[in-house]
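Coordinate-derived values only; no laboratory data. Fair warning: this is a prediction, and the values are worked out from it, not measured in the lab. When we count neighbours, we look across all protein chains shown, and the Cβ atoms used for this are built from the backbone with ideal geometry, even at glycine.
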Amino acid sequence: MNLLLAFLFRDLAVEKSYRFNLFVKLLAIFSQVAIFYFLSRYIEKPEYFAFVLVGLVFSSFFQFWLNVFAENIRQEQFWGTLEALFSAPAEHVYVILSSSFGKFVFNIIGMATYVVLGAVVFGMVFRLNAALFLLILLLNVAAFAGLGLVSAGFITYFKRGDPASWFVALLVDLLSGVYFPVSVFPEKIRRVSEFLPTTAALDIWRNSLLGTGRVGFGDVALQALWGALLMAAGLVSINAAIRGVKKKGDLGNY
Amino acid sequence: MDISINGLNKGFHTAGSRKKVLTDLHLELKNPCIFALMGPNGSGKTTLLKILATLILPDSGEVRFNGKDLVKDGAFIRKIAGFVMDAEHSFYQMLTLEENLKFFGGLRGVSGSDCERRTRELADDFGIGGFLGEKAAHCSSGTMQKAAFVRALLHEPSVLLVDEFEKSLDEDSQSRITRRLKNLKETKGTTALCVTHDRRWAKDHADAAGTIAGGRIEK
Ligand SMILES: Nc1ncnc2c1ncn2[C@@H]1O[C@H](COP(=O)(O)OP(=O)(O)O)[C@@H](O)[C@H]1O
Ligand SMILES: [Mg+2]
């Protein structure tokens with residue numbers, strides 16, 4: 001708890017010193033939502049707005065967890081403060097996880113902004129299944145943060161970003177039904193798309209937020225399994241990377 | 001705090017070859033003391049300190065703090081130890097000294113009014129009480145070195161590891177900090193392992209001293 005609060009207050013202080021940051025981010029979200037609202041009116045499909053809005057929230061959530069740990073470590077390497085962080089008495093993995101807490105709070109604010117803008121300004125209707133939504137959120141944090149820890153391990157050891165994660169983010173935006181239903185794809189691509197766990201995850205998000213369709217036990221179990229596997233992979237890789245970099249002796253180097 | 005180092009080895013891979021830095025190094029520190037570690041540039045002083053700080057893994061050998069193994073109980077070692085290293089760069093430049101110290105205190109479980117009180121007391125003692133509101137980026141390197149001492153002492157460690165003790169410090173600051181270390185040794189039993197290039201300081205203030213040469217410590 002101490003650790004989380006320490007990081008939260010630090011990030012608030014850092015945000016304060018770059019005063020405009022949060023405001024600019026909120027403005028970007030506003031214009032993105034507005035674009036899709038008017039697009040949906042232009043194509044005369046009002047239901048598309050709700051569809052894409054949930055897609056956008058999902059995509060921002062996915063990218064957040066995919067990148068947050070690697071970005072944090074990169075930042076601390078650059079600032080020269082990584083060794084000082086790793087002098088904390090907690091296990092290093094806890095420190096890395098906690099270090100994202102401030103940004104996580106900002107990300108939640110961002111996600112809420114999408115929803116509030118959609119509902120209040122643009123009159124979108126939610127049919128929330130809160131229990132299901134919280135459950136899928138939790139399972140997906142495990143999965144996406146697991147991927148993020150793999151990426152963080154890469155940057156910890158090799159000192160540069162892994163080439164895979166931006167590609168993964170692109171793939172998810174393109175193939176998982178963020179902007180359009182995967183049913184519009186030709187048969188072969190659709191198969192690939194339906195194979196991706198993110199496609200199924202986004203389906204559950206839409207179901208739990210918009211009340212479209214039903215979610216079976218199998219769908220949720222699959223997300224749980226996937227979450228457990230990726231989180232395990234993430235923990236193994238970040239621990240191996242930390243061990244390796246301590247052997248090399250250049251933990252703090254940029 | 002007992003520190004015992006036995007047969008410690010560390011080498012680094014550089015440009016395809018393997019370079020040995022510490023070879024079969026031994027050191028026994030019993031009872032609270034101030035130990036002065038000397039040695040020319042590149043002799044492995046920082047490497048040794050970082051190994052003790054659990055920031056570098058040794059290749060082989062055994063290090064124990066009060067019997068606890070450094071590699072197995074890394075988190076414990078970090079809890080009882082304080083580090084003064086790389087003072088100028090290891091603070092958040094865009095934050096004030098106070099914000100920095102509050103954060104690093106929090107990392108170590110020292111928070112709220114406890115943290116404020118100790119920060120204030122240590123900072124005043126080292127003569128940087130008036131700089132707490134300054135951004136780290138605007139502080140002189142001497143001020144940062146003193147801030148690094150404050151940071152390292154916030155959680156009242158039983159071992160203090162200090163790299164480049166006198167770096168950027170004027171005489172008055174050196175003697176204030178030395179007085180503090182002696183006081184901590186007497187009242188709290190804190191052991192301080194200080195890297196220094198000042199033979200005089202070692203002679204006048206340290207209980208024991210050693211020089212790293214050929215990867216070992218010679219007394
Ligand atoms: N991570 C590293 N990779 C390769 N060589 C290193 C690394 N860290 C230190 N060295 C080398 O080890 C030797 C000892 O370095 P160091 O412990 O910093 O010396 P000192 O602090 O006594 O000046 C130096 O020759 C240095 O170049
Ligand atoms: Mg050195």
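For chain A, the longest principal axis of the alpha carbon atoms and the long axis of helix A:197-210 meet at an angle near 60°.
How would the stretch B:156-213 be classified by its alpha-carbon gyration tensor: rounded, prolate or oblate, with rounded meaning a/c under 1.5 and the a/b versus b/c comparison settling the rest? Note, shape of the stretch B:156-213 comes out oblate. A straight line joining the Cα centroids of the stretch A:91-140 and the stretch A:67-81 runs 22 Å. Listed cross-link partners B:79/B:146; A:25/A:45; B:50/B:203; B:19/B:167 are compared with a 23 Å cut-off, the Cα-Cα value being larger for A:25/A:45; B:50/B:203; B:19/B:167. Mean sequence separation of contacting Cα pairs (under 8 Å, at least six apart), scaled by the length of the stretch A:119-210, corresponds to a relative contact order of 41 percent.
To the nearest whole number, what is the average tally of beta carbon atoms from other chains within 10 Å of the beta carbons of peptide A:95-105?
Across the residues of A:95-105, the mean count of other-chain Cβ atoms within 10 Å is 0.
As an equivalent ellipsoid, the stretch B:24-137 spans semi-axes of 30, 17, 14 angstrom, where each value is the square root of five times an eigenvalue of the C-alpha gyration tensor, largest first. Prolate is the label for chain A. Its Cα gyration tensor axes, ordered a ≥ b ≥ c, give a/c of at least 1.5 and a/b above b/c. Dividing the Cα radius of gyration of the stretch B:99-219 by its Kirkwood radius returns 0.98 for Rg/Rh. Each Cα pair under 8 Å and six or more residues apart adds its sequence gap; the mean of these over the residue count of the stretch B:16-94 is a relative contact order of 19 percent. Relative to the longest principal axis of the Cα atoms of chain A, the long axis of helix A:164-175 makes an angle of roughly 10 degrees. Checking the Cα-Cα distances for A:159/B:72; B:72/B:102; A:16/B:135 against a 23 Å cut-off, the pairs over it are A:159/B:72; B:72/B:102. Shielding of peptide B:44-53 by partners, expressed as the average count of other chain Cβ atoms within 10 Å per residue Cβ, is 1.
Over every Cα atom in the protein assembly as shown, the radius of gyration and the widest Cα-Cα span, Dmax, amount to 26.4, 86 Å. For the stretch B:23-100 versus the stretch A:174-203, the inter-centroid distance based on Cα atoms is 52 Å.
Restricting the calculation to Cα atoms, chain B yields a radius of gyration followed by a Dmax of 17.1, 52 Å.
Relative to the longest principal axis of the Cα atoms of chain A, the long axis of helix A:217-248 makes an angle of roughly 20 degrees. Per residue of B:5-17, other chain Cβ atoms within 10 Å of the residue Cβ number 1 on average.
Across chain A, Cα pairs under 8 Å and at least six residues apart give a relative contact order of 29 percent. Assuming charge only on the beta carbon of Lys and Arg (+1) and of Asp and Glu (-1), the dipole of the stretch B:71-206 about its Cα centre is about 460 debye to the nearest 20.
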